[in-house]
1. Does region 4-27 include one or more residues that are within 27 Å of Lys143 (Cα to Cα), in a strand (DSSP E or B) and among the basic types (Lys, Arg)?
2. Quick one: which residue in Leu73, Leu95 is modelled with pLDDT of 85 or more and not in a loop (DSSP other than H, G, I, E, B)?
3. Would you call Ile192 of a type outside the set (Ser, Thr, Tyr), surrounded by 20 or more Cβ atoms within 10 Å (Cβ to Cβ) and not in a loop (DSSP other than H, G, I, E, B)?
4. So which of Val24, Val11 is in contact with an Asp or Glu (Cβ under 9 Å, 6 or more places away or on another chain), modelled with pLDDT of 90 or more, surrounded by fewer than 21 Cβ atoms within 10 Å (Cβ to Cβ) and of a type in the set (A, V, I, L, M, F, W, C)?
5. Residue check: is Gly134 assigned to a helix (DSSP H, G or I), at pLDDT below 95 and either surrounded by fewer than 22 Cβ atoms within 10 Å (Cβ to Cβ) or among the acidic types (Asp, Glu) (or both)?
6. Please go through region 135-190 and give me each residue that is more than 16 Å from Asn41 (Cα to Cα) and of a type in the set (Val, Ile, Thr), ordered by number.
7. So, in region 162-187, of the ones that are in a helix (DSSP H, G or I) and either of a type in the set (Asp, Glu) or touching an Asp or Glu at 6+ places or on another chain (Cβ under 9 Å) (or both), which residue ends up surrounded by the most Cβ atoms within 10 Å (Cβ to Cβ)?
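The values are calculated or read from the model by the stated rules, or taken from the named source; none is laboratory data. As the structure is a prediction and not an experimental result, all values here were calculated from the model. Cβ placement follows ideal geometry from the backbone for every residue including glycine, while neighbour counts extend to all protein chains displayed.
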Amino acid sequence: MKFKEIELEQVAGFKSQWPSEDLVELAFVGRSNVGKSSFINSFLGRKNLAKTSSKPGKTRTINFYRINNNFRLVDLPGYGYAKVSKKEKAKWDKLINEYLYERDNLREVFLLVDIRHEPTAQDKQMYDWIIESGFTGFVIATKFDKIKKGQIQKHINQIKKKLNIEDEGLIFAYSSETKHNKDVLEEQVDVIINY
């Protein structure tokens, strides 16, 4: 699938700002600074579509991207960022939970983890929720280009073990720099939205 028509359709800080449920949605979630915005820009082939920052916690809203007038890619705020007030963190958590629990047209949730680091307890909690909610359990292991080739399998195994994943085919090692596995992910998205 090629992404030809792409627009940031809605930036939502509240449930009342969500767009209508007329299109299938694929959500992307992960902890702060996992590289979600860089992944979205790379995957969709647009340099500055999602705002990136070296500081964690840049995405504070749910961002809805309309793709080919066919589906939406949904960028959720990162979780686990310690340097925000409890009030702000509670607001983000509420926003994420409302979306994940209440969105009827949500077809799939992808968890992004940094391939260089062992998944956190929050990653495990999110992954367990994804599985328990009936989603497939796809994981995108970002920053693939930052580790040595000889270390890749070790890091994949670490993700499998920590998240209790049996099928390694659910894990996509991805590099926003080289676009490693972009074609495989495009095929997977195509299968999901046309299912």
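1. no
2. On the way: Leu95 fails: modelled with pLDDT of 85 or more.
That would be Leu73, the only listed residue that is modelled with pLDDT of 85 or more and not in a loop (DSSP other than H, G, I, E, B).
3. Numbers: of a type outside the set (Ser, Thr, Tyr): yes; surrounded by 20 or more Cβ atoms within 10 Å (Cβ to Cβ): no; not in a loop (DSSP other than H, G, I, E, B): yes.
No; evaluated as a whole, the condition is false for this residue.
4. Working: Val11 fails: in contact with an Asp or Glu (Cβ under 9 Å, 6 or more places away or on another chain).
When all the criteria are applied, what remains is Val24.
5. Details: assigned to a helix (DSSP H, G or I): no; at pLDDT below 95: yes; either surrounded by fewer than 22 Cβ atoms within 10 Å (Cβ to Cβ) or among the acidic types (Asp, Glu) (or both): yes.
So Gly134 does not fit the description; no.
6. Thr136, Val139, Ile147, Ile152, Ile156, Ile159, Ile165, Ile171, Val184
7. Step one: list which residues in region 162-187 are in a helix (DSSP H, G or I), which gives 162-163, 168-170, 182-187.
In the following step, the residues that additionally are either of a type in the set (Asp, Glu) or touching an Asp or Glu at 6+ places or on another chain (Cβ under 9 Å) (or both) were identified as 162-163, 168, 183, 186-187.
Working: Lys162: 17, Leu163: 22, Glu168: 11, Asp183: 10, Glu186: 14, Glu187: 11.
Within region 162-187, the match that is surrounded by the most Cβ atoms within 10 Å (Cβ to Cβ) is Leu163.
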